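Inspection log for the structure reproduced underneath, given as structure tokens.
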Amino acid sequence: MTEARPVPSVPARRRRTGRRAAVVAAAVAAALALVVLAHRYLLARLVFEPGVPPPWRGILVALVAALAVAMALEPFASRALPPRRARLVVAPGMLWMGVLFVTLNLTLASDFLLWLLGAGFAPDAGVDPEGPARARALAVAGVAAAATGAGLHGALRAPRTRRVEIRLPRWPAELDGFRIVQISDLHVGPLRGRRFAAEVTARVNALAPDVVAVTGDLVDGSARRLRDEVAPFGALRARHGVYFVTGNHDWYSGAEAWIARARELGMRVLRNERVEIAARGASFDLAGVDDHRGDWVHGSPCDLAKALEGRDPARPVVLLAHDPTTFAEASRRGVDLQLSGHTHGGQIWPFRWLVRLVVPWVEGLHRRGASALYVSRGTGFWGPPLRLFAPAEISELVLRPERPA
């Protein structure tokens, strides 16, 4: 039995809330400072140094300023306006966020390349000093435009079905071929709404799965505003049920209301608990935990010990946990398979390499001893409507016993 967690006193809760507010304020201030520096750097390198003529220079500066303001207003618009109206602000702001990231990386890479070549800093006499800068600006703009187009196509097209066979040492022979269809990180909100939810539902149901696992980040926005947008998920069907665990964005969006809405849609919400699934004369445990950021936001911890307590250790267990980092503890506790999302596979290359600094398991199948982890690249997207070298997926996971030696 796990020990009951002590309930903090009112002053302790207030101090904790105050510390969280201070951390959030500091993080927001740092992010705004970085965004301002990034815009200033790009305008200097791609507008002023190449000597863009005054009429066009003013237009470009005004356009960049307007897009930066739209990006800054996105969190407020997505929460204060109905989805259709919010898109008018969110779409350009989030698209610009993606363009900014891509262009910033390309410009930094070109600066590094010019430094290696020793070019662009001391032009020869008689050579237009703006020539190299203009050529670099045109090259960066061209590659950024192509990458943005490819990223838009990757984000807005229908998610692909990714079929993966996973062999587990303790998986029952009777359940050979048992199929779990995983959807994750749908981020239904201003940019992905009811039509997207209906399309995903139809694709999942066409696979006729044994279990559907929704591994968090269902939404971005309040249940009051997005209630109807997620309604199509009520038609999800599987032989042994549809299961849901919270993700960090569900907590940011008001997890308690969304947990209630998920239950209305027919999903079984696993909150640090497990259920036994019996089929074909065998059984396994399906466990699920709240995302660990629930503790930070609402005092609802990820409690894997509670989810696994009292289970039959001879029976295999599949764990649903939004964040792949839970796998470090899950593998120590003998979890046979963990299904996670959260990383989006990096979503926009080369962001996956930054993700790896925090989460060692970015996408796909990983193993640690007898335990396995599958990380979905996500079914939707967050923030910029771009996916570059990280396509969205509906994961069809086929579970099989380990091959005989």
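Every number here is computed from the coordinates shown, using simple stated rules; none is lab data. The model shown is predicted, which means the values in this text are computed figures rather than measured ones. As a convention, Cβ positions derive from the backbone with ideal geometry for all residues, glycine included, and neighbour counts pool all protein chains shown.
Quick check on the exposure proxy: order H187, H153, H240 from fewest to most C-beta atoms within 10 angstrom.
In order of increasing Cβ crowding within 10 Å: H153, H240, H187.
With charges set only on the Cβ (+1 for Lys and Arg, -1 for Asp and Glu), what does the dipole of the chain come to about its Cα centre, in debye to the nearest 20?
Values: 52 positive and 36 negative charges, 134 e Å.
Result for the chain is approximately 640 debye, rounded to the nearest 20.
Set the Förster distance to 35 Å, then compute FRET efficiency between A145 and E329 from the Cβ-Cβ distance, nearest 0.05.
Values: r = 44 Å, r/R0 = 1.27.
Given R0 = 35 Å and the Cβ-Cβ separation, E is 0.20.
Taking amide hydrogens as modeled 1.01 Å from N in the peptide plane, which residues meet the under 5 Å criterion relative to I394, leaving out close sequence neighbours?
Residues meeting the amide H criterion: R160, T161, R162.
Going by how many other Cβ atoms sit within 10 Å of their own, how do T379, T103 line up, fewest first?
Numbers: T379 28, T103 22.
Fewest-to-most Cβ neighbours within 10 Å comes out as T103, T379.
If I take R0 = 60 Å and measure r between the Cβ atoms of R311 and L63 in this structure, what FRET efficiency does the formula 1/(1 + (r/R0)^6) give, to the nearest 0.05?
Working: r = 58 Å, r/R0 = 0.97.
So, using R0 = 60 Å, E works out to roughly 0.55.
Within region 306-325, what residues put their amide N at less than 13 Å from the label point 7 Å along the Cα-to-Cβ vector of E174?
Counting only backbone N, you get 315-316.
Treat the count of other C-beta atoms within 10 Å as a stand-in for reagent exposure and order R45, R85 from fewest to most. Show your work: numbers first, answer last.
Numbers: R45 20, R85 12.
Fewest to most other Cβ atoms nearby, the residues stand as R85, R45.
Starting with the highest mean, order 159-172, 337-350 by the number of other Cβ atoms within 10 Å, averaged over the residues of each peptide. Could you put the intermediate results ahead of the total?
On the way: 159-172: 16.3, 337-350: 24.9.
Ranked by mean Cβ neighbours within 10 Å, highest first: 337-350, 159-172.
For Y41 and D111, compute 0.36 nm times the residue count separating them, minus their Cα-Cα distance, and round to one decimal in nm. Mind showing how you got there, number by number?
Numbers: separation 70, 0.36 × 70 = 25.20 nm, distance 1.13 nm.
Length gained between Y41 and D111: 24.1 nm.
Angle check, please: helix 255-264 long axis (alpha carbons) against the longest principal axis of the chain (alpha carbons), in degrees 0 to 90, nearest 10.
Helix 255-264 sits roughly 60 degrees off the main axis of the chain.
Between L138 and L88, how high is the FRET efficiency from 1/(1 + (r/R0)^6) when r is the Cβ-Cβ distance and R₀ = 35 Å? Nearest 0.05.
Details: r = 31 Å, r/R0 = 0.89.
Efficiency at R0 = 35 Å is approximately 0.65.
Where in region 332-353 does the label zone of H240 land, with the point 7 angstrom along Cα→C-beta and an amide N cut-off under 16 Å?
Only 336-339 pass the distance filter.
Please compute the Cα-Cα pair-distance distribution of the chain with 20 Å bins starting at 0, giving whole percents from short to long.
24, 51, 22, 3, 0
Counting only DSSP beta bridges with both residues in region 339-405, what percent are antiparallel, rounded to the nearest 5? Present the calculation step by step, with values, prior to reporting the outcome.
Details: 5 of 8 bridges.
Once the DSSP bridges in region 339-405 are tallied, antiparallel ones form about 60 percent.
Under 5 Å between amide hydrogens, which residues at least 5 positions from V219 or on another chain qualify, with H placed 1.01 Å from N in the peptide plane?
H187, V188, D250
What's the angle, to the nearest 10 degrees (0 to 90), between helix 83-117's Cα axis and the longest principal axis of the chain?
60 degrees
How much length would be gained if the chain were fully extended between A80 and R356, taking 0.36 nm per residue of separation minus their Cα-Cα distance, in nm to one decimal? All intermediate terms of the calculation are to be shown ahead of the outcome.
Values: separation 276, 0.36 × 276 = 99.36 nm, distance 3.38 nm.
Working it through step by step, the gained length comes to 96.0 nm.
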